[in-house]
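The structure appears below as structure tokens.
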Amino acid sequence: MKTIAALFLTLLLCGCDALNPSPEAVITKSGGDAPLEQTGKALYERNCANCHGLDGISVTNDVTQMKGWAHTPTGTFGKLDTAMMQGPGGMPRFDTLNTEARMKIYEHMKNF
């Protein structure tokens, strides 16, 4: 009993407000990372630009030039979709991107 009384007296004298903490003491959980932008431009920049260039001009001659490609007879969404799903040659596969994301990338490529 003396221990409880001593603890109570200590808390009272120290001014500790354990039942009503200051705002700085409150721990809040953040909502996590902000969702990544899902525009065609943002998707292209994250997934394609390292090899195919920000403007569709490839960084090496071994990589397909994307500038103007979407305006050619072979520059169809079907061709791009197959390439992204299968990863021809040395290209990595992008099969984790859904069809909508791949379509947004294709639509963005029409701006080159």
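The values are calculated or read from the model by the stated rules, or taken from the named source; none is laboratory data. Source: prediction; values computed, not measured. Reconstructed Cβ throughout: ideal geometry from the backbone, glycine too, with neighbour counts over all protein chains shown.
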Look through region 27-61, keep the residues that are charged (D, E, K, R) and surrounded by 10 or more Cβ atoms within 10 Å (Cβ to Cβ), and return whichever of them is modelled with the lowest pLDDT. Glu37
Determine the pairs where a residue that is over 16 Å from Arg46 (Cα atoms), located within region 85-99, has a partner that is surrounded by fewer than 13 Cβ atoms within 10 Å (Cβ to Cβ) with Cβ atoms under 6 Å apart, the partner being 6 or more residues away or on another chain. Met85/Asp95; Gly87/Arg93
Flagged in region 64-75 as of a type in the set (S, T, N, Q) and surrounded by 13 or more Cβ atoms within 10 Å (Cβ to Cβ), in numbering order, are Thr64, Gln65
Show the residue pairs meeting these rules: Cβ distance below 6 Å; 6+ apart or different chains; first residue within region 67-80 and without any contact (Cβ under 8 Å) to a residue 40 or more places away in the chain; second residue of a type in the set (Lys, Arg). none
